[in-house]
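See structure below.
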Amino acid sequence: MKYPVFKDLIIFENEDYLVVNKPPFLATLEDRTPNTTNLLKIAKQHNPELQACHRLDKDTSGCLVFAKNPEAYRHLSMQFEHRQVYKVYHAVAWGVHKFEDELVNRAILPNAKGVAHLNPKGKPAETYFTTLETFARHTLVECMPVTGRLHQIRVHLAYLKAPIVGDELYGGENVYLSNLKRGYNLKKDTEELPLIKRFALHSFNIGFTLLNGEPVKIEAPYPKDFAVLVKQLRAH
């Protein structure tokens, strides 16, 4: 895998914080895969002082905040703790759904293998869902998590019978061009690849308060694979 140039990922920067548009397929912190890099490692080569203020799943793209100093890190950690951080994700889900500020309030309990399940014994988890756009068999959904549990958006969407495209762990199948195009002919002896090779989840917005008390809201444009998926669904 070709690793990104860190400065090309930056979408906001001031003296305390730096926000990047995290590419998919890159872990935020070290994961269990040997000999791989992660976003924090790349960030520290850019500036050794940087600390990741939160994390995104390896497959999830979008807004990720780094702090440049301990005070900034503490300041944002408190906002995360008190649920004062504004977070909006976009997901492409299976099925046609009309969500209007639909709240899922279901506790989540991860098992030993790191798979999350809805379980009353788990930690409370709340997410609001709103439909942005519907297609023939899919929906572009705005997801606003109030809490930050493991795989929260993915599990809550699966509960709504709207699993995320490509999220096979939670019941979301892949999407192929042949599913969308009538009479789509694949070249002989070639295997068709899915339109997106990960689950279709993107951290679109993040909003928080800077050290001087000023609020800031940052938006991360869709990466290429997510944009292509949405474009193809619109076209068919």
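The values are calculated or read from the model by the stated rules, or taken from the named source; none is laboratory data. Model, not experiment: these values are computed from the prediction. Don't worry about glycine lacking a Cβ; one is built from the backbone with ideal geometry, like all the others, and counts go over all protein chains shown. Surface accessibility is based on the protein's heavy atoms, side chains included, excluding ligands, DNA and RNA. Shrake-Rupley method; radii C 1.70, N 1.55, O 1.52, S 1.80 Å.
So which of Lys161, Lys217, Lys181, Lys188 is basic (Lys, Arg), at positive phi and out of contact with any Lys or Arg (no Cβ under 9 Å at 6 or more places or on another chain)?
Lys161
Pick from the stretch 165-222 the residues that are hydroxyl-bearing (Ser, Thr, Tyr) and open to solvent by less than 40 Å² (accessible area, probe 1.4 Å): which of them is farthest from Lys68 (Cα to Cα)?
Tyr170
Identify, please: which residue in the stretch 118-133 is surrounded by fewer than 16 Cβ atoms within 10 Å (Cβ to Cβ) and touching a Lys or Arg at 6+ places or on another chain (Cβ under 7 Å) and is, among those, nearest to Leu177 (Cα to Cα)?
Per the criteria, the residue is Leu118.
Which condition number does Lys58 fail, the rest of (1) closer than 19 Å to Asn205 by Cα; (2) of a type in the set (D, E, K, R); (3) not in a loop (DSSP other than H, G, I, E, B) being met?
With respect to (1) closer than 19 Å to Asn205 by Cα; (2) of a type in the set (D, E, K, R); (3) not in a loop (DSSP other than H, G, I, E, B), Lys58 is out only on (3).
So is Glu15 in contact (Cβ under 8 Å) with a residue 40 or more places away in the chain, open to solvent by 60 Å² or more (accessible area, probe 1.4 Å) and part of a helix (DSSP H, G or I) or not?
The answer is no for Glu15.
Leu193 - would you say it is assigned to a loop (DSSP other than H, G, I, E, B), among the hydrophobic types (A, V, I, L, M, F, W, C) and without any contact (Cβ under 8 Å) to a residue 40 or more places away in the chain?
Judged against the criteria, Leu193 is a match.
What pairs can you find where one residue is in the stretch 26-37 and part of a loop (DSSP other than H, G, I, E, B) and of a type outside the set (Ser, Thr, Tyr), the other is open to solvent by 50 Å² or more (accessible area, probe 1.4 Å) and modelled with pLDDT of 90 or more, and their Cβ atoms are less than 7 Å apart, with a gap of 6+ or different chains?
Close Cβ pairs satisfying both conditions: Leu26/Lys58; Ala27/Lys58; Leu29/Arg55; Asp31/Lys58.
Can you go through Ala136, Ala72 and tell me which one is outside any strand (DSSP E or B), open to solvent by 40 Å² or more (accessible area, probe 1.4 Å) and farther than 17 Å from Phe199 by Cβ?
Ala136
Conditions first: (1) in contact (Cβ under 8 Å) with a residue 24 or more places away in the chain; (2) surrounded by 16 or more Cβ atoms within 10 Å (Cβ to Cβ); (3) under 21 Å from Pro145 (Cα atoms); (4) of a type in the set (A, V, I, L, M). Leu50 passes all but one, so which condition is the exception?
If we test Leu50 against (1) in contact (Cβ under 8 Å) with a residue 24 or more places away in the chain; (2) surrounded by 16 or more Cβ atoms within 10 Å (Cβ to Cβ); (3) under 21 Å from Pro145 (Cα atoms); (4) of a type in the set (A, V, I, L, M), just (3) comes out false.
When residues of the stretch 84-113 are filtered for being of a type outside the set (Val, Ile, Thr), open to solvent by 70 Å² or more (accessible area, probe 1.4 Å) and in a loop (DSSP other than H, G, I, E, B), how many remain?
7
Look through Lys44, Lys2, Lys7, Lys22 and report the one residue that is under 19 Å from Ile218 (Cα atoms), open to solvent by 40 Å² or more (accessible area, probe 1.4 Å) and among the basic types (Lys, Arg).
Lys7
Which of the residues spanning the stretch 76-131 are free of Cβ contacts under 8 Å to residues at least 12 places away in the same chain and over 21 Å from Val65 (Cβ atoms)?
Asn111, Ala112, Lys113
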